[in-house]
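What follows is a set of notes on a single structure, which appears directly below.
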Amino acid sequence: LAMNFLNCIAINLNKSFQAKMNELFRANRKTLNMGDLANSDIGVHEGPVKTKSRQYIKIKLDYSDARYPQCMAVLDIVRCAVVCENDKELCGLYDLLVKK
């Protein structure tokens, strides 16, 4: 029951999470005066919401000792991939994420 509730929340949050990640990515590039994207691979790429079957596997492998409900230990249900142009951009984005 807890995992179903968690997945409903994740599905509802996914769109705003992806939008916020893109917003932070663009703000970071602007702060660093990096301009437009030179490469289409650079940016934030939406990942799929983690499936319940994959969550079950993670719980069994990594969180079997976690307190009930164990599904709450799986923190990467809503996710994305970020590709930066260089280490300065990556560190700047990390700093923005930590502040938010």
Worksheet entry | Residue count for the stretch 4-26, restricted to those that are within 13 Å of the chain's Cα centre (by Cα) and aromatic (F, W, Y) | 2
Response to the item:
Of M21, M34, M3, M72, the only residue that is in contact (Cβ under 8 Å) with a residue 24 or more places away in the chain and open to solvent by 60 Å² or more (accessible area, probe 1.4 Å) is M72
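This table checks each residue for (1) more than 17 Å from the chain's Cα centre (by Cα); (2) open to solvent by 70 Å² or more (accessible area, probe 1.4 Å); (3) under 13 Å from F25 (Cβ atoms).
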| position | (1), (2), (3) |
| --- | --- |
| P48 | no, yes, no |
| R54 | no, yes, no |
| I57 | yes, yes, no |
| Y63 | yes, no, no |
| R79 | no, yes, no |
| V83 | no, no, yes |
| L90 | no, yes, yes |
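The values are calculated or read from the model by the stated rules, or taken from the named source; none is laboratory data. Predicted model, so just to flag it, every value in this text is computed and none were measured. Cβ coordinates were reconstructed from backbone atoms using ideal geometry, including for glycine residues, and neighbour counts include every protein chain displayed. We work out accessible area using only protein heavy atoms, side chains counted, and drop any ligands, DNA or RNA first. Shrake-Rupley method; radii C 1.70, N 1.55, O 1.52, S 1.80 Å.
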